[in-house]
1. How large is the charge dipole for the chain, taken about the Cα centre, if only the Cβ atoms of Lys, Arg (+1) and Asp, Glu (-1) carry charge, to the nearest 20 debye?
2. So with the 1.4 Å probe, I'd like the accessible area per residue for region 87-138, rounded to whole Å².
3. Using modelled amide H (1.01 Å from N, peptide plane; none on Pro or chain starts), what sits under 5 Å from the amide H of residue 173, excluding residues fewer than 5 places away?
4. So which residue, out of 17, 107, 25, gets the largest mean-square fluctuation from a GNM of the chain using Cα contacts under 10 Å as springs?
5. Net charge around residue 12, counting only other residues with Cβ within less than 15 Å of its Cβ (Lys, Arg = +1; Asp, Glu = -1)?
6. Ignoring ligands, DNA and RNA, what percent of the accessible area of the chain is carbon or sulfur (1.4 Å)?
7. Suppose only helical runs count, i.e. DSSP H with n ≥ 4. What mean residue ellipticity at 222 nm does that imply for the chain under -39500 (n - 2.57) per run, divided by all residues and rounded to the nearest 500 deg cm²/dmol?
8. Note the listed values [x] 64, 34, 33; [y] 98, 52, 31; [z] 55, 31, 30, then indicate which one is Cα extents along the principal axes in Å calculated from this particular structure.
Amino acid sequence: MSDVPPSFVTHELHDGEEMISFVPEPDQGTRLRILRAFVPLALVLIFGLALSFDDRRSPADALGMLGVVGSVVYIFVHVIRLCRTSYAITSKRLMRFVAGRKIEDLELAACAKPFVLDLSKSDSLIARGSARFMSLQPIVRFDRTQVASLTLGAFLTSRDRTGMQIGYPAHDIPTPQILGDATRAWEAAQ
């Protein structure tokens with residue numbers, strides 16, 4: 001976390017909006033851990049692609065292969081985007097940047113109180129298994145009070161219509177500090 005935001009963040013601030021905290025994009029070592037966290041999922045999908053590829057060509061097989069290839073490409077793009085993602089918490093908004101470009105922002109006044117989501121401590125066996133399989137760490141989650149409408153831009157930029165989260169797989173960010181900053185910002189925006 002950093003107290004001094006880069007210039008691309010200060011250019012996005014509105015009048016009267018104050019910077020609370022900035023979570024910079026991951027460093028090189030963390031980027032490698034993020035990439036390694038998605039390797040098991042990519043291997044499962046590639047194995048599924050190999051199983052769906054056979055000599056007889058039926059429409060169902062072709063559709064299955066197309067779906068698996070699309071999933072592998074989507075995951076690859078998502079992982080590359082995660083490696084370049086940074087977050088800014090202001091007095092009114094939560095903003096997500098990818099490679100210095102604002103991808104989305106979330107008005108804190110239109111959100112429920114932020115909370116820590118830790119799938120590894122869930123009651124669900126599937127959630128705990130997913131957290132272990134994908135090396136998911138605790139994240140700070142913001143949920144919208146009303147779900148945003150689905151647009152093509154939101155789909156292509158991997159925006160979550162139900163809210164936003166601060167965190168990365170295989171990267172242990174200072175969750176209590178981020179949650180404290182986010183809660184203060186949320187309370188000020190209400």
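1. Here the size comes out at about 440 debye.
2. 52 Å²
3. Residues meeting the amide H criterion: 168.
4. 17
5. Cβ neighbours under 15 Å give a net charge of -1.
6. Carbon plus sulfur share of accessible area: 61 percent.
7. -14000 deg cm²/dmol
8. For Cα extents along the principal axes in Å, the calculated option is [x].
The values are calculated or read from the model by the stated rules, or taken from the named source; none is laboratory data. Computed from a prediction, not measured in an experiment: that's the story for all the values here. Cβ: placed from backbone, ideal geometry, glycine included. Neighbour counts: every protein chain shown. Each accessible area value is taken on the protein alone, full model and side chains, heavy atoms only, with ligands, DNA and RNA left out. Shrake-Rupley method; radii C 1.70, N 1.55, O 1.52, S 1.80 Å.
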